[in-house]
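Worksheet for the structure shown next.
The values are calculated or read from the model by the stated rules, or taken from the named source; none is laboratory data. Only a predicted model underlies this, so the values are computations on that prediction, with no experimental measurement involved. Here Cβ is always computed from backbone atoms with ideal geometry, including for glycine, and neighbour counts include all displayed protein chains. Remember, those area values only see protein heavy atoms, side chains included, never the ligands or the DNA or RNA. Shrake-Rupley method; radii C 1.70, N 1.55, O 1.52, S 1.80 Å.
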Amino acid sequence: MSTNNPINTNTLQINKPLRYAVLIGWFFTLFVAVTITCLVTYFKVIKVRLVKNTPVTVSTPSPTPTPSLPINTDVTKLIDEAKTALQNSNIPVALEKTKEIIALDATNAEAYKIQATALVISEKPEEAITSYQKSLELKKDVDAYFEMGKVCEQLGKNEQAISAYTSGLEIKNDFGIRLRLARVFARNNQVEEARKNYTLVVSANDPNVSPTARLELSKLPDNRIAMTKPVKTPSPVLEVKPTPTPIATPTPEPKKVETPKIEPPKPIATPTPMLSAEDYLKRASDFYNSRDYNSTIREADKGLKVAPNDLRFYYLIGGSYSGLGNLQEALKAYRKCSPPSWNGVYSQQCAGRAKELEKKLNK
């Protein structure tokens, strides 16, 4: 048996380690190949797609901030200076300041409004209307519409005044503006529109304007009554044919003795009665309640000529100058109607307003 199947034990011991070595080498080679394939696939396919899909952020250097010009500060300062000049009745300075403001900021509505007020005081109403229009194009303002309407009334431009007052009422239902609108309608012969606005003012029960509106409403012609009455058709007039008259023979006329004519004495013209102080006070109060400050001052001055010691007129004058922005003249008027010069109903109120104006003017 041993001679027919010879077994070499040394050969078996040598082949066994060789087989393990070959197997390990094969696994190592497979590992290297797979690793290389994966790396190549990652860098050539996967990474390229990731780079394409990733948004690229380019860092741009932030610009260095440029120093901003102090335009707002300058404009605010110039507006305060223009208002102060207007309050002190220094109209040329106020106009100059508004020009400087518009040169820095052409969209400043307040500058055009101050300019318009100064032009009204300078008796340049046409230019004032232009400035009011520019101010209102930039900013809708009730007071600007009201003042523009008053200037249009002074120039007889009733349609423009109606448009200005109506636009102001769209912003705010101010019964002083509505009263002026009713008056313009009445002057423009638009009776029904005037009646409608007068009625609205009366129904408001505002003690400042409703009594005036009620009085003026009663003076409006009522065309509605005439329209409801039946119209009488005129009766036909019979045609009368003239009958021939016989021609009379002329008789000699007797001679007339001319007597001297005695002309009747001409009636002596009675002078129109002068208005009393109470009449001027009522008229000035009505103008003041409707915020027509220039007319208020005019009527109050007439009342002072009739009754120089009636210090109630100075109360209305002070309020009117304050409404026009002329604080210096307003302060003078309020001082004249403050205690101890006057101890009336509004004397303490005059003293309080005088102190307020002194504080404003001393700033």
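Take the conditions touching a residue at least 12 places away in the same chain (Cβ under 8 Å) and not in a helix (DSSP H, G or I) and apply them to residue 189. Does it pass? No; evaluated as a whole, the condition is false for this residue. All told, residue 336 meets the bar of being at pLDDT 85 or above, in contact with a helix residue (DSSP H, G or I) (Cβ under 8 Å, 6 or more places away or on another chain) and open to solvent by 70 Å² or more (accessible area, probe 1.4 Å).
With respect to being under 22 Å from residue 86 (Cα atoms) and hydrophobic (A, V, I, L, M, F, W, C), residue 354 fits the description.
Kindly establish whether residue 78 is within 23 Å of residue 361 (Cα to Cα) and either at pLDDT below 90 or in contact with a Phe, Trp or Tyr (Cβ under 8 Å, 6 or more places away or on another chain) (or both).
Values: within 23 Å of residue 361 (Cα to Cα): yes; either at pLDDT below 90 or in contact with a Phe, Trp or Tyr (Cβ under 8 Å, 6 or more places away or on another chain) (or both): no.
Judged against the criteria, residue 78 is not a match.
Tell me, yes or no, whether the range 258-273 has at least one residue that is at pLDDT below 90 and within 24 Å of residue 215 (Cβ to Cβ). Yes, the conditions are met somewhere in the range 258-273.
Of the numbered criteria (1) part of a helix (DSSP H, G or I); (2) farther than 29 Å from residue 81 by Cα, the one residue 310 fails is (1).
Would you be able to say whether some residue in the range 309-321 is under 22 Å from residue 119 (Cα atoms), within 26 Å of the chain's Cα centre (by Cα) and open to solvent by 20 Å² or more (accessible area, probe 1.4 Å)?
Applying the first criterion (under 22 Å from residue 119 (Cα atoms)) to the range 309-321 yields 317-321.
Narrowing the set further to residues that are within 26 Å of the chain's Cα centre (by Cα) leaves 317-321.
Restricting the remaining residues to those that are open to solvent by 20 Å² or more (accessible area, probe 1.4 Å) gives 321.
Yes, the conditions are met somewhere in the range 309-321.
Here residue 299 passes the criteria (1) at pLDDT 90 or above; (2) open to solvent by 30 Å² or more (accessible area, probe 1.4 Å); (3) more than 23 Å from residue 358 (Cβ to Cβ) except the one numbered (2).
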